[in-house]
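To start, the structure itself, in structure tokens.
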Amino acid sequence: MKRLQAVLPIAAAAVLFVVVWKLIVVVGNYPVFILPAPEVVASRFVRAWADGIMTPHTITTLSEVLIGFGVGAALALVVGYLLARSRLAERLLSPYLVAAQATPILALAPLIALWFGTGLTGKVLICALIVFFPVAVSTMVGIRSVDRGLLELGRSLRATRWQIMAKLEISAALPQILGGMRVGVTLAVIGAIVGEWAGADSGLGVLINLARGSLFDIPLMFATLLTIALIGVSLYLVVVLIERRLVGAR
Amino acid sequence: MRRSIDVVTGILILLVACSCNGTGNAQPTPPATPLKVGLGYIPSVQFAPFYLADQMGYYRNAGLDVTFQNGDDAQLVTLIGSGALDIGLSDGTSVIPAVSQGIPIVYAGTVYAKFPSVVFAKTSSGITTAAGLAGKTLGIPAKEGSSWIMLEALLASAGLTTSDLSISTYPDYGQLVAVEQGQVDSATGFANNEPVQMQLAGDPVTVLTVDSSTPLPGPGLVVGTSTLAAKKDALRAFVAATLHAMKDIITDPQAGLDAAIAVVPELAQDKTTQLAILNATIAQWTSAYTDAHGLGAIDPTAWQKSVDFMSGLPDTVVAKPVTVDQLVTQELLP
């Protein structure tokens, strides 16, 4: 019963979204190439998966997202910890991190494609770049917010530096770190698509361009967008599940 | 005295009467018909006919109030289909898949009578024919769009497919640099761009075109079907004015360059290159067919060949069968 109560508003919101979408199409009398109706997109979505168009592109994008997120988040954890615990590191790195974050990834992506090619490396780098900042900042904030008393207690019990970091600091900072990862994992999806737009042979970003610019198959474009959204939501839910397992529901 | 007053009054009455009579007979000037025109991605010398027609008053004299809007090809096709743009310059190879997907547009006038997308290579590469591409490397911006279709057509003319050569993508359009630096043996480009730049740089260049084997439709004037019905006279006047400007530029390319510089002053930085690009563009406007049937003429036989070729490709972008009658109209041509 409790689970039903939790799922019901989500299902109601989805139904409302589809109904409003359908109403806009009917009232506006929009043709398919401007705004396809939800049932047209749903049918194209099923057909694209059934005839195998979507699968290879999804595998490509998902690989880029997962590897890019892994690399970006791992680096961000290390740098975030350093920023939290070393004034020198903060002074040295902060300006560059903020500058990198402020630079539009859309402008950087073609350069990265030029330097690292249009293969997996460039996409992973773009995903890692876009994931890095939110995870690094959340890690830094999380580590800094660890109760000083707790750290003193650890030291008084002769815990090693490694033990303090692993058992106290990271454990206590986990809610913030995982909060950053929630944001980061959805940004990784955007990073992969932007990277594919800058140059690729496969991936959901490529399929969007094909559907829009070569095939003029707008329902396929919407079906691809739906797939991307589903990937983003699924990865977000995975992080939430991990968070619940490690931190508990809040 | 009274007599002179009467005379002056009479003259004044006559003058007023004449003046009133004149005003009464004058036809009110009809308001100009607004036309929103879509051009390519960014303003450039390639759009000189439109700029010249505008600046020379050809559009205004035809009762048109023309505004230009730049955008990429896919965007223009959709905007024209939706009626947000009245007419635009778009790839013929985009019209075929777009119409097959139900986008209500039609090709109404040829601008590029030759297909401008080509394969180019340094003469020193030894590539002289399409067959010579076998086993070579080639750079292309993306494995889609008009360049990809042209490549497939060119290779098919020699019994080859895209798997018979090694293809690298250059999404940042860096394939010219790649050819110059020897990263690839050849690349796709536009007859009025990369080969011109290579020649100006002193590199002898070989250009392979697709026209003799598969006459793909080049960029031309595309209109929405509902706009065609609603503004036929205005669109016909627009096509005539644009063709007039094209003829002017064929006769005097410098006038076209000046018109383009008036719109994009940055082009004046390198007039030699821009004039060379314009001359190469002018060469694309005419073919044996337009020589026989007039500038802007549409060759239905060539369109049928293109539809057949594109429909038969393994990775065809033509979703549903289309006929040439659905794709082109001769109604707007002079």
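Some observations on this one:
- Using Cβ point charges alone (K and R +1, D and E -1), the dipole size of region B:117-208 about the Cα centre works out to roughly 120 debye.
- The angle between the Cα long axis of helix A:170-197 and the main principal axis of chain A comes to about 40°, on a 0 to 90 degree scale.
- Lys, Arg +1 and Asp, Glu -1 on Cβ, resulting dipole of chain B about Cα centre, debye, nearest 20: 980
- Overall, the anisotropy analysis places region B:187-334 in the oblate class: the square-rooted eigenvalues a ≥ b ≥ c of its C-alpha gyration tensor yield a/c not less than 1.5, with a/b not exceeding b/c.
- Rounded Å value of the spacing that divides the Cα centres of region A:79-154 and region B:241-266: 52
- Amide H contacts of B:ILE87: B:LYS36, B:GLY38, each under 5 Å away and 5 or more positions distant or on a separate chain (H built 1.01 Å from N in the peptide plane; Pro and chain starts excluded).
- Most to least packed among B:179-187, A:194-202 [average Cβ atoms within 10 Å]: A:194-202, B:179-187
- Among B:MET198, B:MET56, the order of accessible area from largest down is B:MET56, B:MET198, computed with a 1.4 Å probe on protein heavy atoms.
- Taking amide H atoms as placed 1.01 Å from N in the peptide plane, the amide H of B:ALA142 lies under 5 Å from those of B:TYR170, each 5 or more residues away in sequence or on another chain.
- The mean count of C-beta atoms from other chains within 10 Å of the C-beta of residues in A:218-224, rounded to a whole number, is 1.
- Largest mean-square fluctuation among B:THR78, B:THR29, B:THR161, in a Gaussian network model of chain B whose springs join Cα atoms under 10 Å apart, belongs to B:THR29.
- Region B:150-281 - percent of accessible surface contributed by carbon and sulfur, probe 1.4 Å: 50
- Legend: mean number of C-beta atoms from other chains within 10 angstrom of residue C-beta atoms, peptide B:134-142, equals 1.
- Each residue of region A:14-26 was assigned a 3J(HN,Hα) from its phi angle through the Karplus curve 6.51 cos²θ - 1.76 cosθ + 1.60 (θ = phi - 60°); the sequence is 5, 5, 4, 4, 5, 5, 4, 4, 4, 4, 4, 5, 5 Hz, with glycine and proline shown as x.
- Using only side-chain charges placed at the Cβ, +1 for Lys and Arg and -1 for Asp and Glu, the dipole size of the protein assembly as shown relative to its Cα centre rounds to 2800 debye.
- Each peptide in B:138-146, A:128-136 was scored by the mean count of other Cβ atoms within 10 Å over its residues; highest first, the order is A:128-136, B:138-146.
- Principal-axis tilt of helix A:87-102 within chain A, Cα atoms, nearest 10 degrees: 10
- Taking all Cα pairs closer than 8 Å and separated by 6 or more residues, the relative contact order of chain B comes to 26 percent.
- Taking the charge dipole of the protein assembly as shown about its Cα centre, with +1 at Lys and Arg Cβ atoms and -1 at Asp and Glu Cβ atoms, the residue from B:ALA319, A:VAL25, B:GLY88 reaching farthest to the positive side is A:VAL25.
- Euclidean distance of C-alpha centroids, region A:3-51 and region B:75-138, integer Å: 34
- Relative contact order for chain A, counting Cα pairs under 8 Å that sit 6 or more residues apart, in percent: 27
- Lys/Arg +1, Asp/Glu -1 at C-beta; chain B dipole; positive extreme among B:GLY182, B:VAL77, B:LEU216: B:VAL77
- Inter-site label distance for B:LEU200 and A:ALA99 at 7 Å from Cα along Cβ, in nm: 3.4
- Listing of region A:172-206 residues, each with accessible area lower by at least 50 Å² in the full protein assembly than in the chain alone (probe 1.4 Å): A:ASP201
- A 1.4 Å probe run over the protein chains yields, for region B:117-208, 38 Å² of accessible area per residue, whole-number rounding.
- By definition, a body whose alpha carbon gyration tensor gives a ≥ b ≥ c is prolate when a/c is 1.5 or more and a/b is larger than b/c, and region A:37-246 fits this prolate description.
- 3J(HN,Hα) along region B:208-215: 9, 10, 9, 4, 6, 9, 10, x Hz, from the Karplus curve 6.51 cos²θ - 1.76 cosθ + 1.60 with θ = phi - 60°, whole Hz, x for Gly and Pro.
- Which of A:PRO36, B:TYR173, B:THR123, positive extreme of dipole for the protein assembly as shown (C-beta unit charges): A:PRO36
- Folded to 0 to 90 degrees: helix A:54-85 orientation relative to chain A principal axis, Cα: 20
The values are calculated or read from the model by the stated rules, or taken from the named source; none is laboratory data. What you see is a predicted model; the values in this text were computed from it and never measured. Neighbour counts run over all protein chains shown; Cβ positions are idealised from the backbone, glycine included. For the accessible areas, the whole protein counts, side chains as well, though only heavy atoms, and no ligand, DNA or RNA atoms are used. Shrake-Rupley method; radii C 1.70, N 1.55, O 1.52, S 1.80 Å.
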